[in-house]
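The values are calculated or read from the model by the stated rules, or taken from the named source; none is laboratory data. Just so you know, these numbers come straight off a predicted model, no measurement behind them. In this analysis, Cβ positions are derived from the backbone assuming ideal geometry, glycine residues included, and neighbour counts consider all displayed protein chains. These accessible areas exclude ligands, DNA and RNA; they are computed on the full protein's heavy atoms, side chains included. Shrake-Rupley method; radii C 1.70, N 1.55, O 1.52, S 1.80 Å.
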Amino acid sequence: MNPRHPVLVVGGGPVGLTTANLLAARGVPLILVERNPSTSDEAKAISLDDESLRALQAAGLADKVLDIVVPGTGTRYYDRRGRPLFHARGPHPYRLGFPFKNQFAQPELEKLLLDEVRSRPEADIRFSTELLTVDEDPDAAGVTATVRTPGTTRTESIRASWVLACDGGRSAVRDLRGIGMTGTSHQQVWLVADTTGDHHDERYGMHHGTPGRPTVIVPGRGGRCRYEFLLHPGEGEKGVRPDFETLRRLVAPYRPLAEDQVERCTTYTFNAVVADRWRDGHVLLLGDAAHMMPPFAGQGLNSGIRDAANLAWKIDDVWHGRMPESLLDTYEAERREHATAMVRHSERLGDIVMTTDRRRALLRDVAARTLLCTPPGRRYLTEMRFRPRARHEAGLVVGAHGLTGTQLPQPRVLVPPSLRPRLLDEVLGPSFALLGVEVPDAAWQRFDSPDWPDDVLGIKRIDILLDDRLPPAAGTREAVADADGRLEQALAPARHRFVLVKPDRYIAAVMGPDDIPAVAAALRKETR
């Protein structure tokens, strides 16, 4: 592949802009094209989870994004009569270093992401630019894309090493490549409105499971609030803006509303579909181009950002020639299963929480209150253990240890010489990291073999101390110590072993000294 060709990112929504920021932060030149003249002001995504903030941290953006979000506390569910049922706060709110769920306004997020990527010399950002064709180059060095300004006949050819399709559910790239989607289209019509001057100050979303009118309320910053209502037949059609009187009537149980307090209002139906394949030659699909899901779990955008976090470092290593193109096959292998599970979960959650069947709502409420009577049942609901957990079952993973394929938590650690607590990712760096969890110096010598792929993976070696000792300020490796007990909680199952962490912070392997040759051989096979 000719590394002089930039990567072409198609789509200037939050997934495309996140992908562009991640690539630019890694020094990968890119062109981003978006057919619209500016970022969107439509009512779309409204929640970022802790994993998304961790991905934005990798691009140096987490602190700025935190300035525009409401650090949330999950979702409160209400029963069929409007009574509080339970509050789902998720796992420990700072398991990955950030609050578990964070409300935001998408136009603000897109503006921030756009401003940041425009400031990077690696990025060429082109709005009002429509993609017309994408063709594989005869020399298999990439693709040639044709673009134009909408409404004109003037076209331009762009040579690109890879095309990353982040152009949404109606993806032009997916259509051009003839890639279908499999799943279900739902016909229920929902009204969604973003309002100002609201009195709600809760830091959590509210799902009202009243069968007569399922409703979602998500407060935001500065008096903003999102309302979503299931419409009855005859109350509205998909894509047709409802009249203000209809919106005022629906919102009336929660607040008085003036017409000038409506920022945006629309109606929509939703899909639960997954693309039949995510890679086609030098084209890869991300976000809604690869999978679309109902909104009830708040995971549509977050799943797209997971795609970006998984793929950006691989594009970086392949583009710079450190790894072969076959590495990109691990993208779908690692992401498809969890994205599909999240689509199905979002669908089931809507069927249960937003049901219009009164008998089913009664059964739901009784089952939830019964579960809340037992500690395991209470944890299952309040810690959102019903949500599919991301785990890489295939791809760049080796071995069967319980931590292999899971995401490494991000506790705070003590780093010499200052010993000031820092987030773990700040120490791991942008590439692979090899963590020695309470292992002796002699065990580290096993990695001095030429068979171990340090040269390919650029692995950073770090000693992990779990038992409240001071980390040494000098040595052959960097060392960190537990700041508050959470590092030990995360890595105690790997004590006296080595943990190989990928750049997206998922664990590739957990190994003892005797396992190192087998892991090295497997990694060499994947990275040749």
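Candidates in the range 181-196 are the residues that are open to solvent by 30 Å² or more (accessible area, probe 1.4 Å) and of a type in the set (Gly, Ala, Ser); of these, the one that is farthest from Pro219 (Cα to Cα) is Gly183. Taken together, the criteria exclude Trp190 from residues that are in contact with a helix residue (DSSP H, G or I) (Cβ under 7 Å, 6 or more places away or on another chain) and either hydrophobic (A, V, I, L, M, F, W, C) or free of Cβ contacts under 8 Å to residues at least 40 places away in the same chain (or both).
Going through the range 118-129 one residue at a time, which ones are in a loop (DSSP other than H, G, I, E, B) and surrounded by 15 or more Cβ atoms within 10 Å (Cβ to Cβ)?
Let us first name the residues in the range 118-129 that are in a loop (DSSP other than H, G, I, E, B), namely 119-122, 128-129.
Selection gives Arg120, Glu122, Ser128, Thr129.
For the criterion of being touching a helix residue (DSSP H, G or I) at 6+ places or on another chain (Cβ under 8 Å), of a type outside the set (Asp, Glu), at pLDDT 90 or above and under 30 Å from Asn310 (Cβ atoms), Leu487 passes. Open to solvent by less than 60 Å² (accessible area, probe 1.4 Å), at pLDDT below 95 and among the hydrophobic types (A, V, I, L, M, F, W, C), is that true of Ala145? Answer is no for this residue.
For the range 469-491, a tally of residues being in a helix (DSSP H, G or I), open to solvent by less than 80 Å² (accessible area, probe 1.4 Å) and either touching a His at 6+ places or on another chain (Cβ under 8 Å) or in contact (Cβ under 8 Å) with a residue 40 or more places away in the chain (or both) returns 3. Annotation: Met354 fulfils all but one of (1) more than 16 Å from the chain's Cα centre (by Cα); (2) buried (at least 21 other Cβ atoms within 10 Å of the Cβ); (3) modelled with pLDDT of 95 or more; the unmet one is (3).
On inspection, Gly234 qualifies as without any contact (Cβ under 8 Å) to a residue 24 or more places away in the chain, within 26 Å of Phe296 (Cβ to Cβ) and out of contact with any strand residue (DSSP E or B) (no Cβ under 8 Å at 6 or more places or on another chain). Take the conditions open to solvent by 30 Å² or more (accessible area, probe 1.4 Å), out of contact with any Pro (no Cβ under 8 Å at 6 or more places or on another chain) and free of Cβ contacts under 8 Å to residues at least 12 places away in the same chain and apply them to Arg348. Does it pass? For Arg348, the condition - open to solvent by 30 Å² or more (accessible area, probe 1.4 Å), out of contact with any Pro (no Cβ under 8 Å at 6 or more places or on another chain) and free of Cβ contacts under 8 Å to residues at least 12 places away in the same chain - is met. Of the residues making up the range 437-468, those that are on the phi > 0 side of the Ramachandran plot and part of a helix (DSSP H, G or I) number 0.
Conditions (1) among the basic types (Lys, Arg); (2) closer than 10 Å to Trp319 by Cβ, marked per residue:
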site: His5; (1), (2): no, yes
site: Gly13; (1), (2): no, no
site: Gly27; (1), (2): no, yes
site: Lys44; (1), (2): yes, no
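For the range 512-527, the condition of being touching a helix residue (DSSP H, G or I) at 6+ places or on another chain (Cβ under 8 Å), modelled with pLDDT of 90 or more, closer than 30 Å to Leu53 by Cβ and of a type in the set (A, V, I, L, M) holds for none of the residues. A single member of Arg391, Arg387 is part of a loop (DSSP other than H, G, I, E, B), under 25 Å from Glu332 (Cα atoms), at pLDDT below 95 and within 25 Å of the chain's Cα centre (by Cα), and it is Arg387.
Selection of strands (runs of 3 or more DSSP E) fully inside the range 230-320 by the criterion of at least 3 residues being open to solvent by less than 10 Å² (accessible area, probe 1.4 Å) and modelled with pLDDT of 95 or more returns 271-275, 283-285. When Thr404 is tested against the conditions (1) surrounded by 20 or more Cβ atoms within 10 Å (Cβ to Cβ); (2) of a type in the set (Ser, Thr, Tyr); (3) within 28 Å of Thr182 (Cβ to Cβ), the lone failure is (3).
Scanning the range 490-506 for residues that are among the hydrophobic types (A, V, I, L, M, F, W, C) and either more than 17 Å from Leu327 (Cβ to Cβ) or at pLDDT below 90 (or both) yields Ala490, Leu491, Ala492, Ala494, Phe498, Val499.
Conditions (1) among the aliphatic types (A, V, I, L, M); (2) surrounded by fewer than 17 Cβ atoms within 10 Å (Cβ to Cβ); (3) touching a residue at least 60 places away in the same chain (Cβ under 8 Å), marked per residue:
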| position | (1), (2), (3) |
| --- | --- |
| Glu393 | no, yes, no |
| Ser418 | no, yes, no |
| Gly436 | no, no, yes |
| Asp441 | no, yes, no |
| Asp455 | no, yes, no |
| Lys460 | no, no, no |
| Asp463 | no, no, no |
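Based on this model, can you work out whether Arg213 counts as under 29 Å from the mean Cα position of the chain (by Cα) and not acidic (Asp, Glu)? Against the criterion (under 29 Å from the mean Cα position of the chain (by Cα) and not acidic (Asp, Glu)), Arg213 does not qualify.
The set of residues in the range 64-95 being open to solvent by 80 Å² or more (accessible area, probe 1.4 Å) and under 17 Å from the mean Cα position of the chain (by Cα) consists of Tyr94 alone.
Go through the range 150-206 and count every residue that is hydroxyl-bearing (Ser, Thr, Tyr) and in a strand (DSSP E or B).
Applying the first criterion (hydroxyl-bearing (Ser, Thr, Tyr)) to the range 150-206 yields 152-153, 155, 157, 161, 171, 182, 184-185, 195-196, 204.
Okay, now just the ones that are also in a strand (DSSP E or B), so 155, 157, 182, 184-185, 195.
Matching residues across the range 150-206 total 6.
Among the numbered criteria (1) open to solvent by 50 Å² or more (accessible area, probe 1.4 Å); (2) touching a residue at least 12 places away in the same chain (Cβ under 8 Å), which one does Asp115 miss? Tallying (1) open to solvent by 50 Å² or more (accessible area, probe 1.4 Å); (2) touching a residue at least 12 places away in the same chain (Cβ under 8 Å), Asp115 fails exactly one: (2).
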